[in-house]
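Novice: Sending over a structure as structure tokens; questions will come in a sec.
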Amino acid sequence: MIFAEDAPALETQLHRHFVLSQVNKVNYRKEFFRVDIAHIRKEIEALGLTAAWTMAAQAREYRESIAIEKLIAQDPAAREAWWRRQLTYEAQIVAGNAEAEASPSATAADAAVAQVRCAADPPGGAERWSCGR
């Protein structure tokens, strides 16, 4: 979080500073930039602004997804289990099962996914998946 007296002016100033890193070079109204957090922090500090930084986000679902991708690339049985689990989950949502959208039902296929989650979760977070830590 960045503390500024005039947030719109700061936004404009940062956009101008990072303009060469703008993702969409055709539509200037698409305000997405390919800039790492360290570079943003350096610029904010150069401007003398106060900010609270989170340099490494928890990103649990992202890290789990990366671990699942690795597992299903290496293990055909895990790939099949994950695929079946996703199709079952998707079918429940299409059928209008509101609870499925909030929390997919546990199936035998979840065992492979739980294995990945246990590997990806930081210590202390693994209790949700019965990892035995």
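The values are calculated or read from the model by the stated rules, or taken from the named source; none is laboratory data. Everything quoted here is computed from the prediction, not taken from an experiment. Neighbour counts are summed over all protein chains in view; Cβ atoms, including those assigned to glycine, are modelled from backbone coordinates with ideal geometry.
Novice: Go through region 71-101 and count every residue that is assigned to a loop (DSSP other than H, G, I, E, B) and either surrounded by 13 or more Cβ atoms within 10 Å (Cβ to Cβ) or touching a Phe, Trp or Tyr at 6+ places or on another chain (Cβ under 6 Å) (or both). Spell out the reasoning first.
Specialist: Looking only at region 71-101, we keep the residues that are assigned to a loop (DSSP other than H, G, I, E, B), and these are 75, 95-97.
Then drop every residue that is not either surrounded by 13 or more Cβ atoms within 10 Å (Cβ to Cβ) or touching a Phe, Trp or Tyr at 6+ places or on another chain (Cβ under 6 Å) (or both), which leaves 75, 97.
Qualifying residue count, region 71-101: 2.
Novice: Are any of the residues in region 84-91 modelled with pLDDT of 90 or more, on the phi < 0 side of the Ramachandran plot and not aromatic (F, W, Y)? Don't jump to the end; show me each part of the working.
Specialist: Restricting attention to region 84-91, the residues satisfying the condition of being modelled with pLDDT of 90 or more are none.
No, there is no match, as no residue in region 84-91 is modelled with pLDDT of 90 or more, on the phi < 0 side of the Ramachandran plot and not aromatic (F, W, Y).
Novice: Any residue in region 13-31 that is in a loop (DSSP other than H, G, I, E, B) sitting within a Cβ distance under 8 Å of a residue that is acidic (D, E)? List the pairs, counting only those 6 or more apart or interchain.
Specialist: F18/E43
Novice: Could you check L10 against (1) outside any loop (DSSP other than H, G, I, E, B); (2) free of Cβ contacts under 8 Å to residues at least 24 places away in the same chain; (3) not assigned by TED's automatic domain parsing to the domain that holds W83 and say which number it fails?
Specialist: (2)
Novice: Take K42 and tell me if it is closer than 18 Å to M1 by Cα, at pLDDT 90 or above and in a helix (DSSP H, G or I).
Specialist: Values: closer than 18 Å to M1 by Cα: yes; at pLDDT 90 or above: yes; in a helix (DSSP H, G or I): yes.
Yes, satisfied.
One line per residue, one yes/no per condition, for (1) surrounded by 14 or more Cβ atoms within 10 Å (Cβ to Cβ); (2) out of contact with any helix residue (DSSP H, G or I) (no Cβ under 8 Å at 6 or more places or on another chain):
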| position | (1), (2) |
| --- | --- |
| L14 | yes, no |
| Y28 | no, yes |
| F33 | yes, no |
| A38 | no, yes |
| E43 | yes, no |
| A46 | no, yes |
| M55 | no, no |
| E64 | yes, no |
| E69 | no, yes |
